[in-house]
Structure formats: structure tokens, C-alpha cells
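Let me begin by presenting the structure, written as C-alpha cells, before commenting on it.
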Amino acid sequence: MKFNFNSFFKSKQDKEIPPITEDDDNLGFTKIELEEYDKNVKFYYTNILNSLILYTYNVEKLDKMTPILIDPLTELYEELDYAFLPVLFETVFRNKLLDESFKEELLLFKKKVDDIPVELWDWELLDTNEIWAKIRIDAENILNKLNIKTRIYNTDYTTVISNTGKKIDFK
């Protein structure tokens, strides 16, 4: 579910950069660049929701995600990290897919996950550790506040090629 930005934008060294104007955001992107990000806002929104949904899963549910996520424990963190890349995260709010009132709570959730000690990122601890239990509850509460009814990982933007070369459809 990762997006290749190398093909999406040329590096700043490879293109002429228009002067910064009042239309630029506080992250240093031009209006044109932001409009390019806006084209994929539903994808970024889905990333945020999917990352929260993954944090509601116990080991059994995460294990069932192996065909989609390959290594669910690694993806648990990487999905969240990607969803909170500042420009992607801000694009979702700028385009009003999420109300600004949720921004602080989402950022606090991200910080709580970032603060989980490395030694707790262990498959055996996900269902038994108190910190992980609280994270699951927090993710569940945020999704409820966002009025998200389903806890099914959205695969609309996921393509996996099997070892036989066939595309796997997750719908």
C-alpha cells in the first residue's frame, strides 16, 4: 500500500522550482505540488483508517492478514508511519475528509505508538501486554469517534502478485 513518490514528483534538483507564494502550505510545498497530492487524497485517507483498523486487531486477526501485509508486525508500524507522513496527513484534512477536530487525537495516537518500547514489538506480547491492550482500545475509540463502523482492512489500493505471477484480488 506504499506509494512511489519518485515517479510522482521529480526531485527538487531535477526541476525548476516556482517561487514560494502565499498559496504554499506550511510544509514547503507549492500549490501545484499540493494539487498533485490532492489527486490521491482518498488513498491517504484510507491509509489512516487502515492503520487504525490494524491496531484494533489481535494476533489472530493480524496473522490472517499475512497474504496482504506479508509481515503484519512490521506493517503494523509502517502503515501508521506512512499514514502520518506530514504532507499526506495534512492533505486529508485540507480536503476535509477528516474534520480538523480529530487531528490532535490522531497525532497523540501516533505518538503513543512511537513511544512503545522496542522490546514490546514482539508477536508474543501483542495480546498480553497492557500497553498493546490500551493501544487497541485507543484505536477502537478513534474509529468510533470517526463514525467508522467496519473493522475490515480496505484493500482497494492493494495489489499483490502471487509467486505464480497472478494478481490476487482481496474483494
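Brief remarks follow.
- Odd one out for Lys171 among (1) open to solvent by 60 Å² or more (accessible area, probe 1.4 Å); (2) at pLDDT 95 or above: (2)
- Pick from the stretch 115-131, criterion touching a Phe, Trp or Tyr at 6+ places or on another chain (Cβ under 9 Å) and without any contact (Cβ under 8 Å) to a residue 40 or more places away in the chain, ranking: most open to solvent (accessible area, probe 1.4 Å): Leu125
Residue-by-condition table, conditions (1) over 17 Å from Arg151 (Cα atoms); (2) under 11 Å from the mean Cα position of the chain (by Cα):
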residue	(1), (2)
Thr46	no, yes
Asn50	no, yes
Leu54	no, yes
Leu69	no, no
Leu76	no, yes
Leu85	yes, yes
Glu104	yes, no
Lys112	yes, no
Leu120	yes, no
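- Failed item in (1) open to solvent by 80 Å² or more (accessible area, probe 1.4 Å); (2) modelled with pLDDT of 80 or more; (3) outside any loop (DSSP other than H, G, I, E, B), with Asn6 passing the rest: (2)
- Sub-8 Å Cβ pairs linking a first residue in the stretch 57-75 that is aromatic (Phe, Trp, Tyr) to a second residue that is at pLDDT 90 or above, at least 6 apart or interchain, are Tyr57/Arg136; Tyr57/Arg151, ordered by first then second residue.
- Qualifying positions in the stretch 30-41 - free of Cβ contacts under 8 Å to residues at least 24 places away in the same chain and in a helix (DSSP H, G or I): Lys31, Ile32, Glu35
- Pairs, first of a type in the set (Phe, Trp, Tyr) in the stretch 96-111, second surrounded by 14 or more Cβ atoms within 10 Å (Cβ to Cβ) and part of a loop (DSSP other than H, G, I, E, B), C-beta under 7 Å, six or more apart: Phe102/Leu146
- Hits in the stretch 42-72 - residues which are open to solvent by 10 Å² or more (accessible area, probe 1.4 Å), over 20 Å from Asn129 (Cα atoms) and assigned to a helix (DSSP H, G or I): Lys42, Phe43, Tyr45, Thr46, Leu49, Lys64, Thr66, Pro67, Ile68
The values are calculated or read from the model by the stated rules, or taken from the named source; none is laboratory data. Here the structure is a predicted model, which means the values were calculated and not measured. All Cβ positions, even for glycine, are placed from backbone atoms using ideal geometry, and neighbour counts span all protein chains on display. In case anyone asks, the SASA skips ligands and DNA or RNA and just uses the protein heavy atoms, side chains included. Shrake-Rupley method; radii C 1.70, N 1.55, O 1.52, S 1.80 Å.
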